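To keep things clear, I will list the structure first and then write my remarks on it.
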Amino acid sequence: MKLFQQSLKKWPFRKWQIAVALPTALIATACGYSTEQFNLLNSSTPSSTVQAQAADWATVEQNLIIEHSRVRQNPQSYIPLLEARLASMNSQGNISNGCGRNCTLMTNEGKPAVEEAIRYLQKQPAVGALAPSVNIAQAAKAHAVDQSDGSTGHNGSDGSRPSDRLTRFGVVNVGTGENIAYGPSTAEDIMINLIVDDGVADRGHRTNIFRPSWAMAGAGCGSHEVYRVVCVINYADAVRGSVASDRQFTVINRGTVELRSLQVSGNSVLNTPLAVGQSKQVPLSSECKVNLTIQLGGNYRPLDWDDLDLCAATLTIDGQNNFKVNY
C-alpha cells in the first residue's frame, strides 16, 4: 500500500510536491513514458506472390495475450521452440518454407541471435501474467486496420502516437508500450520472432515482453498489403487508473472541522462543504495526476498540493486535520 501524508497547520504554507514515479522508456525508440518497437521479417519471395490466408483474427489476438502470459510466467517454456527454430536454420541462418510454402525466411543475424535468445530465457525470471483489456485491444486493432495499406511504424495515418490511440479508447497513459510484428500469422510464431528480435540491436521487443510493470495488454491483427499480416500489441502498467471508469477518488472527513472547499486542477468538486463524518466520491475528468487546493473551516489556511496521483485513491482528513492519501 502506498501512503502519502500532508499536515495542515495554522500558518502560511509553501507548496508541496509529491512525485509519483512513472516508468521511463526502456528502449531507444521510446517517446515520453511509452515504449514501442516494430519487427519486420524478410522473405525471398516477392510480397505480391504471397497471399495471406484467411485468418481468424480474433483467435490470433486472444492467443497472443495467452502466449505473452505463458512466456512471462515461465520463460523457459519457450526454449524448446527456439531450439526447434535453430535446428531449422541452414548455414546462412535462413529457414526454408519459414514464411510459407516455397518462401524462405531470411534473417539478419542468423543462428547467433537465436542462441543468444535461448541464453536469455535460461536466466530470465518469471514476471506477472497480463490481464486482457478490451480497451487496449481496440486501440491495437485500430492501428492494425490503419496499416492494412502496407504502411509500417507507430505513427497512425492521422499522426497519432500509441498513447494517443490508447487515450481515445479510454486508457490513461500511466506507462504504456507497443510492439508491432509484420509477417507471421500465428501467436507462437509472432512471440518467437519478438523474443529473438533478430536485427534489433537493443532487443527492444523482448524487453517490452518481459517488462515487470506491465499489468494489461491487448492485441489487434489484420491483413497487410506488403507483409501479409500485421499484429499490434499494446501494453499498460498498473490497472489502477488505466480505464476511464477508474478515474475517481474518495474523500473522507474524519477531522474536527468541515472541508469547506476542494479544487481539482482549479475546478471546485464540492457543491456544499463536507461535514465531519461525511465522505464523497469525486470523479476525475482525465488525468490521474492533478493539483489540489484544500480549504478547511475555521482558521486554517489553504493548502496547495501539486502533482498528486488520485486515481482510485482515498484522501482522508484525520483527527488532527492532517491529510493522508492511500491506494
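Of the residues 308, 303, 259, 274, which is touching an Asp or Glu at 6+ places or on another chain (Cβ under 7 Å) and modelled with pLDDT of 80 or more? Let's see the steps before the verdict.
Working: 308 fails: touching an Asp or Glu at 6+ places or on another chain (Cβ under 7 Å); 303 fails: touching an Asp or Glu at 6+ places or on another chain (Cβ under 7 Å); 259 fails: touching an Asp or Glu at 6+ places or on another chain (Cβ under 7 Å).
Selected residue: 274, the only one of 308, 303, 259, 274 that is touching an Asp or Glu at 6+ places or on another chain (Cβ under 7 Å) and modelled with pLDDT of 80 or more.
So is residue 90 open to solvent by 80 Å² or more (accessible area, probe 1.4 Å) and assigned to a loop (DSSP other than H, G, I, E, B) or not?
So residue 90 fails the test.
Do we have residue 195 as in contact (Cβ under 8 Å) with a residue 24 or more places away in the chain, under 24 Å from residue 59 (Cβ atoms) and either open to solvent by 40 Å² or more (accessible area, probe 1.4 Å) or in contact with a Gly (Cβ under 8 Å, 6 or more places away or on another chain) (or both) here?
It is false that residue 195 is in contact (Cβ under 8 Å) with a residue 24 or more places away in the chain, under 24 Å from residue 59 (Cβ atoms) and either open to solvent by 40 Å² or more (accessible area, probe 1.4 Å) or in contact with a Gly (Cβ under 8 Å, 6 or more places away or on another chain) (or both).
Considering region 218-239 alone, what residues qualify as being within 13 Å of residue 132 (Cα to Cα), modelled with pLDDT of 90 or more and open to solvent by 10 Å² or more (accessible area, probe 1.4 Å)?
Those that are within 13 Å of residue 132 (Cα to Cα), modelled with pLDDT of 90 or more and open to solvent by 10 Å² or more (accessible area, probe 1.4 Å): none in region 218-239.
If I go through region 260-313 residue by residue, how many of them are open to solvent by less than 40 Å² (accessible area, probe 1.4 Å) and within 32 Å of the chain's Cα centre (by Cα)?
Here the count works out to 15.
Quick test of your reading of the structure: residue 208 fulfils all but one of (1) assigned to a loop (DSSP other than H, G, I, E, B); (2) surrounded by 19 or more Cβ atoms within 10 Å (Cβ to Cβ). Name the failing condition by number.
Residue 208 satisfies every listed condition except (1).
Return the residue satisfying two criteria in turn: it lies in region 102-121 and is at pLDDT below 90 and among the hydroxyl-bearing types (Ser, Thr, Tyr), and of such residues it is farthest from the chain's Cα centre (by Cα).
Of everything passing the filter in region 102-121, 104 is farthest from the chain's Cα centre (by Cα).
For region 102-152, give me each residue that is open to solvent by less than 70 Å² (accessible area, probe 1.4 Å), in a helix (DSSP H, G or I) and within 25 Å of residue 57 (Cα to Cα).
135, 136, 137, 139, 140, 141, 142, 143, 144, 146, listed by residue number.
I'd like the full set of residues that are outside any strand (DSSP E or B) and among the aromatic types (Phe, Trp, Tyr), limited to region 266-310.
Residue satisfying the conditions is 300 alone.
Just to be sure, is residue 242 modelled with pLDDT under 90, of a type in the set (Ser, Thr, Tyr) and within 18 Å of residue 175 (Cα to Cα)?
So residue 242 passes the test.
So which of 83, 188 ends up being in a helix (DSSP H, G or I), of a type in the set (Asp, Glu), over 22 Å from residue 204 (Cβ atoms) and open to solvent by 60 Å² or more (accessible area, probe 1.4 Å)?
83
Inside region 143-164, can you point out the residues that are in contact with a helix residue (DSSP H, G or I) (Cβ under 7 Å, 6 or more places away or on another chain) and closer than 23 Å to residue 69 by Cβ?
The one that is in contact with a helix residue (DSSP H, G or I) (Cβ under 7 Å, 6 or more places away or on another chain) and closer than 23 Å to residue 69 by Cβ: 143.
The values are calculated or read from the model by the stated rules, or taken from the named source; none is laboratory data. Computed from a predicted structure; not experimentally measured. A quick note on method: Cβ atoms are made from the backbone with ideal geometry, for glycine too, and the neighbour counts reach across all protein chains shown. Only protein heavy atoms, including side chains, enter the accessible area calculation; ligands, DNA and RNA are left aside. Shrake-Rupley method; radii C 1.70, N 1.55, O 1.52, S 1.80 Å.
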